[in-house]
Amino acid sequence: MKPKINLCLFNNPRQGVLDQIWFAEALFRQQGYEFTCTTTLRPDCLNLVIENFVREDVSALESFSRAFGKQVGIIMTEHIDLESGSFTFGGAPLGDREYIGNKKQRLFSLLAVTDFVFSYFTLGDLPELNSWERIVRTHRPYHLPYPGIGNVRRPAAQPDYDIIFTGTMTPRRASILRQLRKRHRLAQSEFFATEAERAALYTRAKVAVTIPQTEGWKWVSPMRVLFGLRNGVPTVDLGQDQTTAFGRLVLGPTDIDDAVSNYQEVFEQQLKSYESFVRSPDNGRFPLGVFDLWAGLECRQ
């Protein structure tokens with residue numbers, strides 16, 4: 001019998017990781033696992049925790065691990081690399097405070113829990129973590145494959161907006177949005193209390209956009225793209241990420257003005273491309289052996 005999987009949000013506000021919750025639940029249920037999402041670590045499950053630690057979280061994981069003889073799996077969400085002997089976080093030095101101001105605290109708290117980690121995972125092919133094995137030499141990250149979309153909500157017959165953008169505002173994003181607003185009806189928001197609120201706004205727009213946080217940001221946000229697909233709205237990546245299989249095979253280059261004019265056709269093509277990608281070798285395989293080994297070791301505790 002497969003082990004139960006628990007996604008524990010003790011260190012993250014639920015409304016900040018709704019996309020990650022959907023991804024994990026969809027994937028594990030499609031793989032035949034029983035899945036729960038709680039705010040406490042469960043000794044009867046394999047526990048996954050989304051990276052975003054401070055010092056107090058390190059103590060909580062240590063206490064759980066020592067009390068129950070269990071380890072956790074860490075879901076990595078940030079682009080952490082080791083370049084020329086120095087850490088980078090989202091492509092920027094640790095001292096850079098734009099977009100994420102507590103880079104050092106997050107990185108060193110993450111490294112402090114290494115003894116209590118069974119493995120590291122990513123949701124899809126990002127972050128790439130190409131140098132993670134040089135940072136934590138006892139582990140390599142596993143990229144969990146993208147899940148099927150399932151049911152798709154359809155937008156309004158006559159959308160109120162041409163474009164929607166949701167996410168934290170940065171100077172670069174603000175500049176690009178000012179230009180878009182000159183020729184398109186634009187909806188934007190930085191915060192939603194519930195997924196239903198966000199979905200309601202999405203379905204009033206023709207096209208969603210993802211915008212790089214900073215000038216040097218080179219990655220698309222797959223979670224935003226998947227949210228759009230789930231709600232019948234195509235996404236245009238204004239960073240034009242072509243470095244990953246997801247970026248090349250699902251998004252590809254799309255002109256924002258063309259997408260607004262032909263949003264229904266663009267959505268159908270994007271959904272078709274995603275469904276083909278999910279079934280293809282480019283999506284990778286679910287690491288069944290890793291979870292079997294993890295469960296077997298913990299059962300012997």
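For this structure, a couple of remarks:
- Test for Asp282: is it closer than 22 Å to Glu128 by Cβ and either touching a Pro at 6+ places or on another chain (Cβ under 8 Å) or in a helix (DSSP H, G or I) (or both): yes
- Tally of residues being of a type in the set (S, T, N, Q) and surrounded by 16 or more Cβ atoms within 10 Å (Cβ to Cβ) across segment 54-80: 3
- Among residues of segment 160-192, those that are loosely packed, with under 14 Cβ neighbours inside 10 Å, of a type outside the set (D, E, K, R) and over 26 Å from Gly90 (Cα atoms), counted: 0
- Selection from segment 158-179 of residues that are among the basic types (Lys, Arg) and more than 22 Å from the chain's Cα centre (by Cα): Arg178
- Residues in segment 81-97 that are under 20 Å from Thr170 (Cβ atoms) and surrounded by fewer than 15 Cβ atoms within 10 Å (Cβ to Cβ) were compared, and the one that is modelled with the highest pLDDT is Pro93.
- From Phe35, Phe89, Phe53, Phe116, residue being in contact with a Lys or Arg (Cβ under 6 Å, 6 or more places away or on another chain), over 16 Å from Ile5 (Cα atoms) and not aliphatic (A, V, I, L, M): Phe89
- Selection status of Cys8, crowded, with 19+ Cβ neighbours inside 10 Å and either among the β-branched types (Val, Ile, Thr) or over 30 Å from Leu229 (Cα atoms) (or both): no
- Hey, Tyr120 closer than 30 Å to Lys182 by Cβ, of a type outside the set (Val, Ile, Thr) and modelled with pLDDT of 90 or more or not: no
The values are calculated or read from the model by the stated rules, or taken from the named source; none is laboratory data. These figures come from a predicted structure and were not determined experimentally. Virtual Cβ from ideal backbone geometry, glycine too; neighbours counted across all protein chains shown.
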